[in-house]
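Colleague: To start, I am sharing the structure in question, which I have written as structure tokens.
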Amino acid sequence: MTELILSRLQFAVTTSYHFLFVPLTLGLGVLVAMMETWYVRTGNETYKKMTKFWGKLFLINFAMGVVTGLVQEFQFGMNWSEYSRFVGDIFGAPLAIEALVAFFLESTFLGIWVFGWDKLPKKVHVMSIWLVAISSNLSALWILIANSFMQEPVGYILRNGRAEMTDFWALITNTHIFYQFPHTVLSGFVTGAFFVMGISAYHLLRKHSLDVFQRSFHIAVIFGLISVFGVAGVGHLQGMYLAETQPMKMAAAEAHWETENPAGLILFASINQQEQKNSLELKIPSMLSFLSYNRFTGEVKGIHELQTAAVDQYGPGNYVPPVTSLFWSFRIMLTVGMWLILIALLGLYFYKSNRLDKKAWFLKLVLWTIPVPYIANTAGWYMTEVGRQPWIVYGLQKVEAGVSTSVSVLSMLIAFSGFLLIYGVLAVAEIYLMIKVVKKGPEVDSTDETSHRDIKGASLWT
């Protein structure tokens, strides 16, 4: 184990663990805000029960996201001090704004929402949860602004061996953000939607609180269907943009070794990166050209040509990221996307035809689909970050140049082991609390007249 490998492993583990909570925060916050909005508009107590139940799960997830997210801030000073020294003048600005504006706004109004039930006017209370949802997504925006600089550096100048900001406006309007941000947010919406669908399916199977979970399922399936199509559309646009700005990442994700015009899309292949070739390929003719240019013709450069061009531009070195893992990460995302579209379409059909509660096999399938968006989210971030290799800042700094030079292997190993242990304990606590709240279900209030549906509220969703 070297300092570089341990540093990368530690950052990968802490980031991947933290990112398990981020998408659900983005999506579930919006869904809870929508549910309370219907409660305020209709006065139907069923929507209030829905809001409180899903709000509890949102709070547990939010708390875990905060705890694990704080660790990320220290990673840059612990094991990546050379990276921080090189790019901290730029990278630190959006992260500081995220903490001082978005996070504090989010935390403040979340507290108001939690303790403001029956104390604040309904419209003020629902406004607080909408501000929480908006702030969560605004927080993601600032973090992605920082990450987009790593993907596509803009608004900087190199001076005395450091990258210094020269144009803040260029930083926050980086073209990369306009593809990365909606893709990330919509993926969070999908995660939240299928989380709600899955838990609703669990209670529908138990015939428990049908009024709450039928409505929850309906809201989530519509929200999820719109979002998953949005992810697919934005993902296609993002792929076209990456084919232009980070062609090596896209070529590696497609195991596309030789330049072709038109280029075919490989569905499955046996990849040998050492020999730099594929075998047993199953390819769709011209499809890679379509994904790159929105037409069935067009030259797509291969890994070999891109490697030669990179050596000419940056000097000797290997500029090819891990092809096999990127190839399958991309296909995991595509497969998951098609699966989620299928589940959402079937769910909407069964609900509209009043057969959802009679389809036990489908409800079980939806329940087991809860982890599927998480798999896609992780695969997507893996492709985003590992596909940039060997760069930590694309075209400016390589990964090995960003690692701390004054930290020993032993200290890194101890820290890494500590993180694994602590995160393992946190995972057990998170799962225990989630399962406890899910099994308990919505709180029963004797003052709620939930057995008599509000006609106006029912007409919105039936």
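Colleague: Out of every Cα pair in the chain, what percent are spaced more than 30 Å from each other?
Modeller: 50 percent
Colleague: Still on this structure, I have one more. For the chain, with the dipole built from +1 on Lys and Arg beta-carbon atoms and -1 on Asp and Glu ones, taken about the Cα centre, which of 315, 416, 426 lies farthest toward the positive end?
Modeller: It is 426.
Colleague: Moving on. Would you list, by chain and number, the lysines whose Cα falls below 25 Å from the Cα of residue 398, excluding same-chain residues fewer than 8 positions away?
Modeller: 249, 301
Colleague: Same structure, new question: Shape verdict for segment 253-321, please, from the Cα gyration tensor: rounded (a/c under 1.5), prolate (a/b greater than b/c) or oblate.
Modeller: Working: a/c = 2.98, a/b = 1.34, b/c = 2.22.
Verdict is oblate for segment 253-321.
Colleague: Please sort 168-179, 43-54 by packing, taking for each peptide the average over its residues of neighbouring beta carbons within 10 angstrom, highest first.
Modeller: Descending packing order for the listed peptides: 43-54, 168-179.
Colleague: So, one more: Could you please state, rounded to a whole Å, how far the C-alpha centre of segment 335-379 is from the C-alpha centre of segment 249-266?
Modeller: Taking the Cα centre of segment 249-266 as reference, the centre of segment 335-379 is 32 Å away.
Colleague: Rounded to the nearest 20 Debye, what is the dipole magnitude of segment 253-321 about its Cα centre when Lys and Arg each give +1 and Asp and Glu each give -1 at the C-beta?
Modeller: Here segment 253-321 has a charge dipole of around 160 debye.
Colleague: Taking all pairs of different Cα atoms in segment 396-438, averaging 1/r and flipping that mean, what Kirkwood radius in angstroms comes out? Could the numbers behind the result be given before it?
Modeller: Details: mean 1/r = 0.0761 Å⁻¹.
So the Kirkwood estimate lands at 13.1 Å.
Colleague: Something else: In terms of modelled amide H atoms, which long-range or inter-chain residues lie less than 5 Å from the amide H of residue 298?
Modeller: Counting only residues 5 or more places away or on other chains, the set is 263.
Colleague: Determine the shape class of segment 104-216: with a ≥ b ≥ c the square roots of the Cα gyration tensor eigenvalues, call it rounded for a/c under 1.5, and otherwise prolate if a/b is greater than b/c, oblate otherwise.
Modeller: oblate
Colleague: Could you pull out the trypsin sites (Lys or Arg not before Pro) across segment 228-285 that fall in loop regions by DSSP (anything but H, G, I, E, B) with no more than 16 other Cβ atoms inside 10 Å?
Modeller: none
Colleague: Can you spot the aspartates and glutamates whose alpha carbon is less than 20 Å from residue 52's alpha carbon? Ignore those fewer than 8 places along the same chain.
Modeller: Those aspartates and glutamates meeting the cut-off are 36, 106, 118, 211, 430, 443, 445, 448, 449, 454.
Colleague: When Rg is the radius of gyration of the Cα atoms in segment 1-81 and Rh is its Kirkwood radius, what does Rg/Rh come to?
Modeller: Taking Rh as the inverse mean 1/r over Cα pairs, Rg/Rh reads 1.24.
Colleague: Going by the alpha-carbon gyration tensor, a ≥ b ≥ c the square roots of its eigenvalues, is segment 319-426 rounded (a/c under 1.5) or, if a/c is not under 1.5, prolate (a/b greater than b/c) versus oblate?
Modeller: Details: a/c = 4.59, a/b = 2.01, b/c = 2.28.
Verdict is oblate for segment 319-426.
Rule-based calculations on the coordinates, nothing more; no lab input. Fair warning: this is a prediction, and the values are worked out from it, not measured in the lab. A quick note on method: Cβ atoms are made from the backbone with ideal geometry, for glycine too, and the neighbour counts reach across all protein chains shown.
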